[in-house]
Structures are given as C-alpha cells and as structure tokens.
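Here the structure is laid out as structure tokens; the discussion comes afterwards.
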Amino acid sequence: MIRPLIAAALLVLGLGAQAQGSPAALQPAPAAPAAEAGVKSANVFELAPDASTDPNYAKQNNGERAQVQPGNNAPMWRQVGSGVTGYSSLPKSEAPEAGNLIQPFVQYPGSRLTNAGEAWRQVRNGWIIPYGGALLLIVLGGLALAYWRAGTIKLKGAPTGRKLERFTPFERSAHWANAIAFSMLAISGLVMAFGQYVLLPLFGHTLFGWLAYALKNVHNFAGPVFAVSLVVVIVTFVRDNLPAKGDLTWLLKGGGMLSGHEIKSGRFNAGEKVVFWAGVFLLGLVGVASGLVLDKLIPGLIYERQTMQIAHMVHSVSNILMMVIFMGHIYLGWITEGALEGMKTGYVDETWAREHHEGWLEDIQAGRVPAQRSQQTVAAPTVQV
C-alpha cells in the first residue's frame, strides 16, 4: 500500500522538474498587441507619391492640393510668402495690414528684389549704417585736419569798439532753441543707429539698454521742439537768405578761402545761404516730416509697414546729410574770431563786419539797414581801445 503511493509521488516530482528545465517554459507568453491611441502621423508626400507628376501640380490651390495630398499646405504658404493678403473682418482703418503676414516684393535703391521688410533691412544695414557712418567720420576727420593745418581765423584789423547788432534777442533765442534740440536729436540718433556697434561692446547689454531707452525718449521729446523752432528759424531768416548779386562769385571763389581775402557779401554770404536752404530748409523739413510719420502724428495717414520703412530710410539719410552740413557750420562758427560772440551776445565789432560781411556794413553805413534793430534796453557792449 505504501509503495504505490511513494512511486506516484516520485513520478509527479520528476515531471515537475522536467517542466522547469524546458526552454519553452522559461519564455513568457506573447502579449497581445496594444491598440494605437490618437492620430497616426504620416508624411504627406507618401500619401500620394505620384501626385507631383500632375502637370498642374504647382498651380494647385490649397483646396485642390488637399484632395490629392491631405495636410500638404504648401500652396497656402507659397501665397503667404509672396505677399498675398488674405481675408480679414477687421476694418482697414484699425488694422491696415490684417491678413497679410509677409510684405509683397519690392526693390529699394541698394536692395535686391525681395519682400519689403528684407529690402528695408538690406538698405539700412548695407548702405545707410556703413556709408553714413563713414561719411560722418570722413567729414569729422577732414575738419580736424583743417584745424590742425590752418587753425583759427583771426581778425586782421584791430577792433574799433563800435558794435553792430547782428542778431536780435528773438533771433538768438530761435537759433539756440533749434541748435540745442538738434544736438539732442543728433546724439540720441547716433546712439540708436551706431551704438550697438560701438557702445554695446564697451558698456554691456544692461547699461547700453538703459542708455538707448533713455535717449529714445529724449529723441521723441526733442523732436517737436526742433520742428517748431525750425519753422521759426526759417520764417525769421528767410528774407536775408534770398539769392543776391555776388552769391555766385562767392561760391566760385570759395568765399576767398584760397586767396586769403574774403569775398564781399551781405548779411549772410553764399555759404551761409547754402546751409540755410540745403541744411535748414530742405533737409530740416524732410527730417521733420519723416519724423512725424515715424511718430504716427500725421492725421489721416494709414501707417503700414512699408510706409514706416520708407519714412525711416528718408529720415536716416536726410539727417545724416544735415549733420554733415551743420558740422561744417559749427566748425566755421567756432574757429572764426568774433562769430560765436555774435550769436551769444548779438553784437559784432565793426572790424569783424568789414572783414567778413563788407556788403552788410555798407548797407548799415548807407542807412539801408539799421545798426540797432531791436529796442535797446541795455547799452550795447563796447570795447575800450
């Protein structure tokens, strides 16, 4: 009875050990494939690989392309890149460029035929910044060289002590208001245009960022002051800057700089008239007008990107040229003995008038122009000789 039970137990243990040693028993049962969740991505060009063989494939619109290659939006983006404006329910007065992502193709002077934004960038970075900066440095270096070689322009004769009123208090106020505003605009504009190339490596991003931000606000506030004072200066001085007999001779002879004897002129010589008409009137008004566009201060004007880009290029070029002209004006006023004093006090000596504006002195002596044009509340300064 006991022997059969023992034999059965040994048989069961033997079969179990054989099952554990089998390789098939060691491998887990294969898992059932998991169901894929979500949307399966696909290459749109693999959905219909032969669709591009259609002769009209490149001419298809987005709806037609979706029928042969769903998800291929190349026609839509091709239109966006070419400057096509899509539909927008926003009014043009509030959003003039709604529906337009990339501007149409244009070609500005100095740029390739490309979209307007890239064309503006090419003109600014490829022409205005490098050549404008070079022009300013060349003029500055030329003036420094001229001063090193020639020095100041001294009076040849002795002062007489007799003073003539060259500028009234109102004229001087208008001039200095315009000059100070222009200086603020020039400094802030130069920093905004060239600061990232010159000051940023020296100051670092944080300090330069605060400096540029502060000067940008200075630029915005000084602009209206310059605009108003510019109109006042033009109205005040336009009469004495009209072309007169002898101006062409003065220009042809360079004002007598080569001969050492200044050519006879009226209250303002031909060189000063060039500064007035080219620098103050033409470039000044162009700079003000373009600045008003950039500040969006002209009523009724639709401010699109291309409008702002053109205004920026005009503003930059006109003001660089104006700075070049005024650099020469400031230089001559600084090195000419008695010139700066005339704008500070309003009076010049009779000797100065004879040597630099002989025609104006003759008009005063003939009674055609008064020697004292403003109401004199304080005695004119005199020089003891």
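The values are calculated or read from the model by the stated rules, or taken from the named source; none is laboratory data. Since the structure is predicted, the reported quantities are computational estimates derived from the model, not experimental observations. Don't worry about glycine lacking a Cβ; one is built from the backbone with ideal geometry, like all the others, and counts go over all protein chains shown.
For the reader, a short list of remarks on this structure follows.
- Looking across ALA177, ALA193, ALA134, ALA119, one residue alone is under 16 Å from ILE330 (Cα atoms) and in a helix (DSSP H, G or I). It is ALA177.
- Total residues in region 345-366 satisfying the condition of being over 18 Å from LYS264 (Cα atoms) and without any contact (Cβ under 8 Å) to a residue 24 or more places away in the chain: the figure is 0.
- Here VAL378 meets the list (1) under 21 Å from ALA174 (Cβ atoms); (2) in contact with a helix residue (DSSP H, G or I) (Cβ under 8 Å, 6 or more places away or on another chain); (3) aliphatic (A, V, I, L, M); (4) modelled with pLDDT under 95 almost entirely, failing just condition (2).
Yes/no per residue for (1) in contact with a strand residue (DSSP E or B) (Cβ under 9 Å, 6 or more places away or on another chain); (2) within 22 Å of GLU272 (Cβ to Cβ):
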site: TYR147; (1), (2): no, yes
site: LYS163; (1), (2): yes, yes
site: PRO169; (1), (2): no, yes
site: ALA174; (1), (2): no, yes
site: VAL191; (1), (2): no, no
site: GLY195; (1), (2): no, no
site: ASP240; (1), (2): no, yes
site: ASP247; (1), (2): no, yes
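- The residues listed here are LYS156, LYS163; of these, the one that is basic (Lys, Arg) and buried (at least 17 other Cβ atoms within 10 Å of the Cβ) is LYS163.
- Among the candidates TYR147, TYR108, the residue that is hydroxyl-bearing (Ser, Thr, Tyr) and part of a helix (DSSP H, G or I) is uniquely TYR147.
- For region 265-286, a residue qualifies if it is in a helix (DSSP H, G or I) and over 20 Å from the mean Cα position of the chain (by Cα), and the qualifying residues are ALA270, GLY271, GLU272, LYS273, VAL274, VAL275, PHE276, TRP277, ALA278, PHE281.
- GLY161 vs. criteria small (Gly, Ala, Ser) and in a helix (DSSP H, G or I): no
- Of the residues screened, ALA227 is one that is in contact (Cβ under 8 Å) with a residue 60 or more places away in the chain and out of contact with any Ser or Thr (no Cβ under 8 Å at 6 or more places or on another chain).
- For beta carbons closer than 6 Å, sequence separation of 6+ or different chains, a first residue in region 88-115 that is at positive phi and a second that is crowded, with 16+ Cβ neighbours inside 10 Å, the qualifying pairs are GLY110/VAL123; GLY110/TRP127.
- Scanning region 240-263 for residues that are of a type in the set (D, E, K, R), part of a loop (DSSP other than H, G, I, E, B) and at pLDDT 85 or above yields LYS245, LYS253.
- The single condition among (1) of a type in the set (Gly, Ala, Ser); (2) at pLDDT 90 or above; (3) in contact with an Asp or Glu (Cβ under 8 Å, 6 or more places away or on another chain) that ALA278 does not meet is (3).
- Meets criteria (of a type in the set (A, V, I, L, M, F, W, C), surrounded by 16 or more Cβ atoms within 10 Å (Cβ to Cβ) and modelled with pLDDT under 95) for ILE128: no
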